[in-house]
Amino acid sequence: DQQVKQNSPSLSVQEGRISILNCDYTNSMFDYFLWYKKYPAEGPTFLISISSIKDKNEDGRFTVFLNKSAKHLSLHIVPSQPGDSAVYFCAARTSGSRLTFGEGTQLTVNP
Amino acid sequence: DAGITQSPRHKVTETGTPVTLRCHQTENHRYMYWYRQDPGHGLRLIHYSYGVKDTDKGEVSDGYSVSRSKTEDFLLTLESATSSQTSVYFCAISEGLAGSSYNEQFFGPGTRLTVL
């Protein structure tokens, strides 16, 4: 049972434009949501997080939005840069410190 | 960068052989995790540890065992490797809970395991 789903395996955008990556979840008990970024042959790196009591968190070019009623999470990257090309995973905290990850979305930013 | 190393980084083995992967941290973090990454599945938790000699199962623990005899080391063992265990394995660490806040997990560089 996939509790965290990223329905788009890939996304391609032009440099300077906005990238929007989406994530849906089913478990209403999730209390923290995170985005990780992964380059080939490296481990994932933490990007940004949001508590379930908030609906928006911003960090530079990255903004995460949470819509609890729709059980939907999105990551906005503005402006997109070629160095942003990577696989992005959304994750949600369940019990304790455990995370449940989505399948990942490959973002390609074209120069 | 968090001090996490994994060894080996690459391994090719044959079906039925035992395999042990090692994760070593220099951050003195309480929690350590083993994940596997497969196409279409993202990262799935195998086992995790919340202290020395304290471990628990994740969502895909069948065929795997773990041990943590020291804070800094977390070992993942495949007792008898199968082709379905061909994957990229990631170790992660975190400080765990701190009141109501969340401490993110930091990941190692990964181990690519191929079981022939």
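The values are calculated or read from the model by the stated rules, or taken from the named source; none is laboratory data. Only a predicted model underlies this, so the values are computations on that prediction, with no experimental measurement involved. Because the Cβ atoms are built from the backbone with ideal geometry, glycine has one as well, and the counts that use them run over all protein chains shown.
To keep it simple, each residue is scored yes or no on (1) at pLDDT 95 or above; (2) surrounded by 18 or more Cβ atoms within 10 Å (Cβ to Cβ); (3) under 24 Å from B:Ser94 (Cα atoms).
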residue	(1), (2), (3)
A:Pro44	yes, yes, yes
A:Glu58	yes, no, yes
A:Val64	yes, yes, yes
A:Ile77	yes, yes, no
A:Gln81	yes, no, no
A:Tyr88	yes, yes, yes
A:Gly96	no, no, yes
A:Thr100	no, yes, yes
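Counting only residues that are over 12 Å from the mean Cα position of the chain (by Cα) and without any contact (Cβ under 8 Å) to a residue 12 or more places away in the chain, segment B:57-83 holds 1 of them. For segment B:95-116, residues that are at pLDDT 90 or above, facing another protein chain (nearest Cβ under 9 Å) and surrounded by fewer than 21 Cβ atoms within 10 Å (Cβ to Cβ) total 2.
Can you list the strands (runs of 3 or more DSSP E) found entirely within segment A:1-100 that contain at least 2 residues being without any contact (Cβ under 8 Å) to a residue 12 or more places away in the chain? By residue number, A:56-59. Within segment A:25-55, the set of residues being within 24 Å of A:Val109 (Cα to Cα) and charged (D, E, K, R) comprises A:Lys37, A:Lys38, A:Glu42.
The residues listed here are B:Gly58, B:Gly3, B:Gly51; of these, the one that is modelled with pLDDT under 95 and within 11 Å of chain A (Cβ to nearest Cβ) is B:Gly58.
The residue that is nearest to B:Pro8 (Cα to Cα), counting only those in segment A:27-55 that are under 13 Å from the mean Cα position of the chain (by Cα) and more than 9 Å from chain B (Cβ to nearest Cβ), is A:Lys37.
Only one of the numbered conditions (1) assigned to a loop (DSSP other than H, G, I, E, B); (2) more than 24 Å from A:Arg93 (Cβ to Cβ) is not met by B:Glu59, and that is (2). Given the condition without any contact (Cβ under 8 Å) to a residue 60 or more places away in the chain, at negative phi and in a strand (DSSP E or B), answer yes or no: does some residue in segment B:102-111 qualify? Yes: segment B:102-111 contains one or more residues that are without any contact (Cβ under 8 Å) to a residue 60 or more places away in the chain, at negative phi and in a strand (DSSP E or B).
Within the option set B:Tyr89, B:Tyr64, B:Tyr31, B:Tyr35, being more than 20 Å from A:Glu42 (Cβ to Cβ), crowded, with 18+ Cβ neighbours inside 10 Å, within 11 Å of another protein chain (Cβ to nearest Cβ) and of a type in the set (Ser, Thr, Tyr) holds for one residue only, B:Tyr31.
Scanning segment B:63-84 for residues that are farther than 13 Å from B:Thr20 by Cβ and not in a strand (DSSP E or B) returns B:Gly63, B:Thr71, B:Glu72, B:Thr82, B:Ser83, B:Ser84.
Restricting attention to segment A:77-89, the residues being touching a Lys or Arg at 6+ places or on another chain (Cβ under 9 Å) and more than 8 Å from chain B (Cβ to nearest Cβ) number 9. Among the conditions (1) more than 13 Å from the chain's Cα centre (by Cα); (2) within 14 Å of chain B (Cβ to nearest Cβ); (3) not aromatic (Phe, Trp, Tyr), A:Asp24 misses just one, which is (1).
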